Amino acid sequence: MKKPFHHLIFLSFIISISFASCVSSQKYKASEARANQLQNDKATVQSRLNDCNTQVNDLNNQKTALMNENSLVLGDLKTLSAESKMTIADQAKRLKRLQDMIQAQKNVMTKLKNSIADAMMSYKTDELNVYIKDGNVYVSLAEKLLFKSGSDVVDPKGKEALKSLALVINNTNDISVMIEGHTDNVPIKTKVFKDNWDLSTARATAIVRILTVDNGFDSNRITASGRSQFHPIMPNEAIEGRAANRRTEIILSPDLKEIYKLLE
């Protein structure tokens, strides 16, 4: 009986050890899996922490860059403000100077217009008219004061009028002179003049020669041009209108070089 009993005890011991070994193996595997999970969680957390640190560094860099940019902008604004104040002050001075120069030019041209009107007051209004337009002085001379119909030869009475004008403008500095010949719309075609362009230009040129050659006006300050029939001051349907359109205009313009320099 003892031998079977011993076998039974031994068998129980083996079973106990096997069971304990099985339990210990399961616990080990569970612990190992838990340890692996914790390791993975640690790696994940560390990765997220690294990402957060990277983002924090990026934000700090952006903050620093924004602060630097803000400082530059503030500096630019201060500089711009100072320059703007200077520009406004300079512009005010420039505008005042420009206004003074324009007014001075107006005064010169008004005085010139009055001097010409006084010098030529003996002529009738249907022969000669003096006025200011667009800052220029216009001396409008009717055909009957200067020329015979279809001719570019200035009559003696016209020469006397031009002499009186030359006495004034020769003593006026800083002006330029444009002579414009005008006709009515009645076509002309002769051996001398092909059309109204020829006639108007020839008349302007004749007056230029009288002012420069006969009366000493500076040739560098005078120009001749023909406008033909294309700039009428009255309708050409009536006799009076055509007579008014047959005219020569002497346009006196102020020298604007200094004003142009100021505007550059």
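The values are calculated or read from the model by the stated rules, or taken from the named source; none is laboratory data. As the structure is a prediction and not an experimental result, all values here were calculated from the model. All Cβ positions, glycine included, derive from the backbone under ideal geometry; neighbour counts span all protein chains shown.
The table that follows gives values for the structure above.
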read-out: Strands (runs of 3 or more DSSP E) fully within region 160-264 counting 1 or more residues that are at pLDDT below 95; value: 175-181, 247-254
read-out: Any hit, region 180-197, residues being within 28 Å of K106 (Cα to Cα), of a type in the set (A, V, I, L, M) and in contact with an Asp or Glu (Cβ under 9 Å, 6 or more places away or on another chain); value: no
read-out: Which listed residue is surrounded by fewer than 14 Cβ atoms within 10 Å (Cβ to Cβ), touching a residue at least 40 places away in the same chain (Cβ under 8 Å) and within 30 Å of D195 (Cα to Cα), from V139, V153; value: V153
read-out: Positions within region 117-162 being touching a Lys or Arg at 6+ places or on another chain (Cβ under 8 Å) and closer than 22 Å to N107 by Cβ, in sequence order; value: V130, Y131, I132, G135, V137
read-out: Selected residue [surrounded by fewer than 20 Cβ atoms within 10 Å (Cβ to Cβ), farther than 30 Å from I102 by Cα, among the aliphatic types (A, V, I, L, M) and out of contact with any Ser or Thr (no Cβ under 6 Å at 6 or more places or on another chain)] from A206, A166, A243; value: A243
read-out: Qualifying residue in region 161-168 (condition: more than 20 Å from R209 (Cα to Cα) and of a type in the set (D, E, K, R)); value: no
read-out: Residue match in region 174-190 (condition: without any contact (Cβ under 8 Å) to a residue 40 or more places away in the chain and touching a Leu at 6+ places or on another chain (Cβ under 6 Å)); value: yes
read-out: Residue in region 173-207 that is nearest to the chain's Cα centre (by Cα), counting only those that are closer than 22 Å to V137 by Cα and among the polar types (S, T, N, Q); value: S176
